[in-house]
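The values are calculated or read from the model by the stated rules, or taken from the named source; none is laboratory data. From a predicted model like this one, the values you see are computed outputs, not experimental measurements. All Cβ positions, glycine included, derive from the backbone under ideal geometry; neighbour counts span all protein chains shown.
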Ligand code: BES
Ligand code: MN
Ligand code: ZN
């Protein structure tokens, strides 16, 4: 789909549908809307506003005929809701709803939207154009690779029309940012939606290599033998039940200038989580191809970073393997010495994510980064606590956590802090090793976080639990059901702001 922004007069735009917005609590038309209104003989104000046929509640819509008085076939009036409730995240949600609605309507190949939201406060053209484009691009995502009948969107061309020629540069930049973000999100969603039969440690590491070539990043992929020499023992213990060889990938984006900061991103990369010998019930296993969402997310973020080019060095790490039951599986009661020397008694083979992350966190220490951020579909307990639309965030630096939550808010991704208390280590106590890999039934997400903390020396470490948010079974705002690409927006904005 071709999407762009341009200074254009609403009365002269040739398209199938011209979209304009009105607030619920202030239906005064803007100067350019007034001009449009008079060129269609006052139809907009007469028919829809004066007679109060159109309430303009959030995402309400009404189609107005133009009787060919202007080049556009039709006008769509959309409700922006209440002025004080409106912001860029609402704008994204709104545009997603409009795009979906229009895509299903008859013959709407070419749409044009006025730059919405600009006339309602302190938003700038850049942010509004980006928010609108993200909504449209995200709403039309569908994983139809394996369907004979494809769901190709009928919308082919989208124009965002600007009143003010001065806004053009900023709006174009906003559209371009949205394209970068959404194409990374599409990549990530595709990889998460891909079944475990084809998204394997091997194929994902090949994808990462191709990305590196394409984006001029450096990459190293380690195989089992190399990992044995590197003492990735807890990771290899999880991997040993599978017939597929584990891989560890390390991608690096280096800025042209001297980097101001160094950030390490770590993504959990279990390509299928059967639970291992602590096998999951069939129902819980159904979506376990998504247990590499953390990996797919860091691969998405490295793409936005390579395109946006901040003066920040960014590393993306992921240990990829399957968690399978077999004659070679790691077992309950096994004692593993992690890369950092600490010993772990395996209490539950289904708590595999934290084991694979442990060695990667230790590896990350060697990079001496300013910040380490891990992203993982780590616990069902996080879903119980926060549901499918809020990501759990925890770590050892409250300021850093606050800043990431704030960035999430700005782009409509909700994060909520869960506590990690030092004395939670008690729950991980083992009779035979330094710790075990699970606690009791209680505070599962926090205890998993406490476990991870044993393996990092970084003072600015954040753990993001996306077990609920990476893959949703009901559509939510601009997101369709299935993989979401959550945190790509938040963390891209975060890295761009440090
Ligand atoms: N991959 C799962 C967590 C998960 C559950 C992600 C549901 C997405 C949806 C993780 O490896 C796991 O199995 N965690 C266990 C930990 C428990 C054994 C301490 C869990 O949450 O049940
Ligand atoms: Mn598991
Ligand atoms: Zn898992």
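Yes/no matrix, rows are residues, columns are (1) in the same structural domain as residue 490 (by TED's automatic domain parsing); (2) crowded, with 21+ Cβ neighbours inside 10 Å; (3) within 14 Å of ligand 1 (Cβ to nearest atom):
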position	(1), (2), (3)
341	yes, no, no
344	yes, yes, yes
350	yes, no, yes
358	yes, yes, yes
415	yes, yes, no
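Let me confirm something: among 212, 171, 184, which residue is touching a helix residue (DSSP H, G or I) at 6+ places or on another chain (Cβ under 6 Å), farther than 21 Å from residue 471 by Cα and in a helix (DSSP H, G or I)?
171
Going by the conditions given, is residue 327 without any contact (Cβ under 8 Å) to a residue 12 or more places away in the chain, away from ligand 1 (no atom under 16 Å from the Cβ) and out of contact with any strand residue (DSSP E or B) (no Cβ under 8 Å at 6 or more places or on another chain)?
So residue 327 passes the test.
Table: residues versus (1) part of a helix (DSSP H, G or I); (2) surrounded by 17 or more Cβ atoms within 10 Å (Cβ to Cβ).
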residue: 35; (1), (2): yes, no
residue: 67; (1), (2): no, no
residue: 72; (1), (2): no, yes
residue: 95; (1), (2): yes, yes
residue: 123; (1), (2): no, yes
Legend entry - Lone unmet requirement of (1) touching a helix residue (DSSP H, G or I) at 6+ places or on another chain (Cβ under 6 Å); (2) within 19 Å of residue 380 (Cβ to Cβ); (3) buried (at least 24 other Cβ atoms within 10 Å of the Cβ) for residue 485: (2)
Inset, instruction - Check the range 62-75 and report whether any residue there is in contact (Cβ under 8 Å) with a residue 12 or more places away in the chain and within 28 Å of the chain's Cα centre (by Cα). - result: no
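Yes or no, residue by residue, for (1) closer than 20 Å to residue 368 by Cβ; (2) more than 20 Å from the chain's Cα centre (by Cα):
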site: 256; (1), (2): no, yes
site: 265; (1), (2): yes, no
site: 287; (1), (2): no, no
site: 290; (1), (2): no, no
site: 297; (1), (2): no, no
site: 301; (1), (2): no, no
site: 311; (1), (2): yes, yes
Inset, instruction - Check residue 205 against each of (1) without any contact (Cβ under 8 Å) to a residue 40 or more places away in the chain; (2) buried (at least 18 other Cβ atoms within 10 Å of the Cβ); (3) in a helix (DSSP H, G or I) and name the one condition it does not meet. - result: (1)
Inset, instruction - Go through the range 394-421 and give me each residue that's under 18 Å from residue 370 (Cβ atoms) and in a strand (DSSP E or B). - result: 395
Inset, instruction - Take residue 386 and decide whether it is within 25 Å of residue 323 (Cα to Cα), buried (at least 20 other Cβ atoms within 10 Å of the Cβ) and modelled with pLDDT of 95 or more. - result: no
Inset, instruction - Return a yes/no flag: does the range 276-286 have any residue that is more than 12 Å from ligand 2 (Cβ to nearest atom), assigned by TED's automatic domain parsing to the domain that holds residue 347, at pLDDT 95 or above and in contact with a helix residue (DSSP H, G or I) (Cβ under 8 Å, 6 or more places away or on another chain). - result: no
